[in-house]
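Written below as structure tokens is the structure these notes are about.
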Amino acid sequence: MTTTKKKKVLLLNPPYFRPIMRDTFHPTSKSALYIWHPLDLLIQSGYLTDCDLQIYDGVINKNPAYLNDFLKQFRPDAVLSLISFPTLNSDLQLLKLIKEKYRAIIFAVGDITYGEKESFLIDRPYIDGILADYTSKGFAQYLKGVQIKNAAWREGNNIKSEWTHEDIDYRTPRHDLLNMNAYYLPYWQAPFASVYTSHGCPAKCKFCVAPGWGIPRFRTTDAVIEEIDFLYKRGIRKIFFRDGSFNQAPKIMINLCEQLASRYQDLKITTWFKPKPLNETMAQSMRAAGFQYVHIGVETGSADFLRKIGKDFDLHEVAPAIDLLHKYGIKVVGHFMLGVPGETKKEIGLTAKYLAKTKLDVISFSVFEYSYGISIRNELMSKSKTEDEDYAQKAIPRHADDNFIKIILIYLLSRFYCKPSRWSKIYFFESISHLMSSLPKIAQYIFDLRLYPRFRSLE
């Protein structure tokens, strides 16, 4: 009896001279205060359970020589690689080298494959296919030789594609292939895990890629619990639900929380959240499950500007949500965005006033990025006769240049921490050892204030 040899498959996040996280089509410079798992690759590992699988995360192992030695030893038959516009030249050079040296099947997934789809393959013959949805089964289907439903790929001299969305029904991802102790959040010591329960978001935020993903799709609660069990047996007690909007389906969320509460007594959970829908039952079930933090994209202190950028809630709805979450001991991280086209100094002033009075526990800032697939970028490009990225760059508000943005950031932080009653909020560490291990990261963060790369190549 003969057995079929398993395909050796590498899920790759390429190394780069500065740490870039490419996952979920939002390429970001890694802040000194956090680094999370390549969620796209974890999801794909759940579709490739019949393969000899490895995950290489170049954000953690960024030495190219180490990757070269790894490739020599593993010699992959197929590679699915994350790529991003800011690091595109470097990413493509690496994939071309792998193709030439190992004759491996090469698929790519990232912000630019999402934005360009089939056209991405035209002048890149060493790329065999792309995914424009990181939850797609397309790569796994290509390797199995079955009908492909959500990918673009080469077939002879032709490029074929099929963009039918399927259920997200991957099996438990291979978290065990990552060094879980290498990933961290500001308020948690390692290890923690990234888990996905739904894909998509009903909101139409103009700065986000999620509206293009179509109707939200959900994993079954049983599948999520199976993944939590897998992690729990390996000593993981901290879970980051990386959904774009964890509370978009209250019944599903409450059911999951109730099952978590009945199974585990010592989980610590965080997620991305919205101020609505939220009620007493939801907040109570979250606390019972182990939620410690939720992250809300407040974005701005201007109610008018919040509506202009497409958020699906009003600014006045944030404070009651914070109060209700605080009632059940859940802290709230508020995220704000600077440099959005159309933003004026008036909006900056309103954000400063908002930060001075808000009850948020932690605040975080990012700089607007012209990501592929967002409506703001599409609108700006449609006004240009060519695909001229400089045209989009000129739309960046004058106050949001790379240097002055740091001054604004320091000003807004000072507004939040101006009251002595808030000074205690600076300390959110789990222990003295956590604080001591975080001090070098804090120093590095203050030194470079590294946020998000602007929409241009870093090379």
Evaluation of A223 against (1) modelled with pLDDT under 95; (2) out of contact with any helix residue (DSSP H, G or I) (no Cβ under 9 Å at 6 or more places or on another chain); (3) small (G, A, S) (one fails), failing number: (1)
Matching residues in region 2-28 - criterion: being closer than 13 Å to S81 by Cα and among the aliphatic types (A, V, I, L, M): V9, L10, L11, L12, M21
All positions within region 218-228 that are touching a residue at least 24 places away in the same chain (Cβ under 8 Å) and either crowded, with 16+ Cβ neighbours inside 10 Å or assigned to a helix (DSSP H, G or I) (or both): F218, R219, T221, A223, V224, I225, E226, E227, I228
Region 189-217: number of residues that are under 17 Å from Y47 (Cβ atoms), touching a strand residue (DSSP E or B) at 6+ places or on another chain (Cβ under 7 Å) and part of a loop (DSSP other than H, G, I, E, B): 1
Filtered residues of region 278-318 (kept if buried (at least 21 other Cβ atoms within 10 Å of the Cβ), farther than 19 Å from Q248 by Cβ and of a type in the set (G, A, S)): G301, S302
Residue within region 246-257 that is among the β-branched types (V, I, T) and within 30 Å of V340 (Cβ to Cβ) present: no
L94 within 22 Å of S194 (Cα to Cα), buried (at least 18 other Cβ atoms within 10 Å of the Cβ) and in contact (Cβ under 8 Å) with a residue 40 or more places away in the chain: no
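Of all the residues that make up region 286-327, how many are of a type in the set (A, V, I, L, M, F, W, C) and part of a strand (DSSP E or B)?
Of the residues in region 286-327, 4 are of a type in the set (A, V, I, L, M, F, W, C) and part of a strand (DSSP E or B).
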L121 being out of contact with any Gly (no Cβ under 8 Å at 6 or more places or on another chain) and aliphatic (A, V, I, L, M): no
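List the strands (runs of 3 or more DSSP E) that sit entirely inside region 1-107 and contain at least 3 residues that are among the hydrophobic types (A, V, I, L, M, F, W, C) and at pLDDT 95 or above. Working first, answer last.
Values: elements: 8-13, 52-57, 78-83.
Filter on region 1-107 gives 8-13, 78-83.
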Qualifying residue in region 197-212 (condition: without any contact (Cβ under 8 Å) to a residue 40 or more places away in the chain and over 20 Å from the mean Cα position of the chain (by Cα)): no
Filter result (β-branched (V, I, T) and within 21 Å of the chain's Cα centre (by Cα)) within region 291-342: V294, I296, V298, T300, I309, V332, V333, V340
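The values are calculated or read from the model by the stated rules, or taken from the named source; none is laboratory data. Since this is a predicted model, take the numbers as computed values, not measurements. With ideal geometry, Cβ positions are generated from the backbone for all residues, glycine too; neighbour counts draw on all protein chains shown.
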